[in-house]
Amino acid sequence: MALRLQTIVCSTRPGRVGPAVARWFHEFACAHGAFEAQLVDLADVGLPLYDEPEHPRMQQYEHEHTRRWSAIVAAADAYVFVSPEYNYSPPPALVNALDFLYKEWNYKPCGFVGYGGVSGGLRAVQMERLHVTTLKMMPMAEGVTVPRVASHIGDDGVFASNEPIDASAKTMLDELLRWAEALRAMRA
C-alpha cells in the first residue's frame with residue numbers, strides 16, 4: 001500500500017500566496033511518485049480556535065469539526081507544511097491545527113516548505129520543527145526555502161520554481177519516504 005503524504009497549506013489569510021506554493025509542491029510530490037499525495041488547505045478545514053473540553057490525547061472529540069480534522073490527519077503517513085512567517089513566527093492557523101490533535105500526528109515524519117521575504121520563512125519553520133516534536137513527529141532536517149516568494153508568483157497566480165528549489169524538494173521527499181517507511185511499524 002502506498003504511503004500517503006498530505007501537503008498542508010498553513011496560511012488562511014485573505015490574499016495569501018500559500019495555495020500557489022502548495023499546489024506547486026503537491027504537483028512535484030505527485031511527479032516524484034513515492035507517495036499517494038493529497039492537498040489540504042487549512043482555510044477549507046475551517047477550524048475555530050481550539051474549543052474541545054478534553055485534552056487531545058484522549059480523542060474524545062465533542063465537535064464535528066474536530067472529528068473531520070482528526071480523520072483527515074489520521075489518513076496520512078507523512079506531512080509537508082507549506083508555511084509563511086508572521087512576525088518571526090508560524091501562522092496562528094497552523095499552531096491551532098496542530099494543537100487540536102495529538103495521537104493522529106504521532107510517529108509520522110514531516111517536512112516544511114517555508115516562504116516569505118528575505119528569510120524565506122526560516123524562523124517560523126525553526127519554531128514549527130520544535131512544536132511538532134511535542135506531538136511525537138519527526139521533522140526533517142531537509143526542507144524547502146523560498147525567499148522573495150512574490151518574485152516566483154506570475155501574473156496568472158502560478159508559482160514558478162527553479163532548480164535549487166526543485167532539488168531541495170526532491171531531497172526532502174526522499175527523506176520523508178525513508179522516515180515514513182521506517183516509522184510505519186510504530187504507527188501500526
- Query: Does residue 76 count as small (Gly, Ala, Ser) and either over 24 Å from residue 127 (Cα atoms) or in a helix (DSSP H, G or I) (or both)?
  - Reply: no
- Task: For the range 96-110, indicate whether the set of residues that are within 22 Å of residue 177 (Cα to Cα), in contact (Cβ under 8 Å) with a residue 12 or more places away in the chain and in contact with a Cys (Cβ under 9 Å, 6 or more places away or on another chain) is non-empty.
- Result: no
- Unique match (being within 16 Å of residue 3 (Cβ to Cβ) and surrounded by fewer than 19 Cβ atoms within 10 Å (Cβ to Cβ)) among 185, 180, 150, 160: 185
- When residues of the range 58-89 are filtered for being charged (D, E, K, R) and surrounded by 21 or more Cβ atoms within 10 Å (Cβ to Cβ), how many remain? 2
- Note on the structure: Picking from 130, 173, the residue that is more than 25 Å from residue 2 (Cα to Cα) and either under 18 Å from the mean Cα position of the chain (by Cα) or part of a helix (DSSP H, G or I) (or both) would be 130
- Task: Output the number of the condition that residue 76 fails; it satisfies all remaining conditions of (1) modelled with pLDDT under 95; (2) touching a strand residue (DSSP E or B) at 6+ places or on another chain (Cβ under 9 Å).
- Result: (1)
- Are any residues in the range 85-94 touching a residue at least 24 places away in the same chain (Cβ under 8 Å) and out of contact with any Cys (no Cβ under 9 Å at 6 or more places or on another chain), and if so, which ones? 85, 86, 88, 89
- Message: Take the conditions under 15 Å from residue 137 (Cβ atoms), under 13 Å from the mean Cα position of the chain (by Cα), not basic (Lys, Arg) and not in a helix (DSSP H, G or I) and apply them to residue 101. Does it pass?
- Response: no
- Unmet criterion (only one of (1) modelled with pLDDT under 95; (2) not in a loop (DSSP other than H, G, I, E, B)) for residue 1: (2)
- Those residues of the range 129-169 which are of a type outside the set (Val, Ile, Thr) and touching a Leu at 6+ places or on another chain (Cβ under 7 Å), in sequence order: 131, 135, 138, 140
- Of the conditions (1) more than 14 Å from the chain's Cα centre (by Cα); (2) surrounded by fewer than 16 Cβ atoms within 10 Å (Cβ to Cβ); (3) modelled with pLDDT of 95 or more, residue 92 clears all except one; give me its number. (1)
- Item | Every residue from the range 4-57 that is part of a loop (DSSP other than H, G, I, E, B), small (Gly, Ala, Ser) and surrounded by 12 or more Cβ atoms within 10 Å (Cβ to Cβ) | 11, 34, 46
- Filtering the range 1-28 down to residues that are farther than 14 Å from residue 115 by Cβ and touching a Phe, Trp or Tyr at 6+ places or on another chain (Cβ under 6 Å) yields 3, 5, 6
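The values are calculated or read from the model by the stated rules, or taken from the named source; none is laboratory data. Keep in mind it's a predicted model, so treat the numbers as computed, not measured. Every residue, glycine as well, gets a Cβ built from its backbone with ideal geometry; the counts of neighbours run over all protein chains shown.
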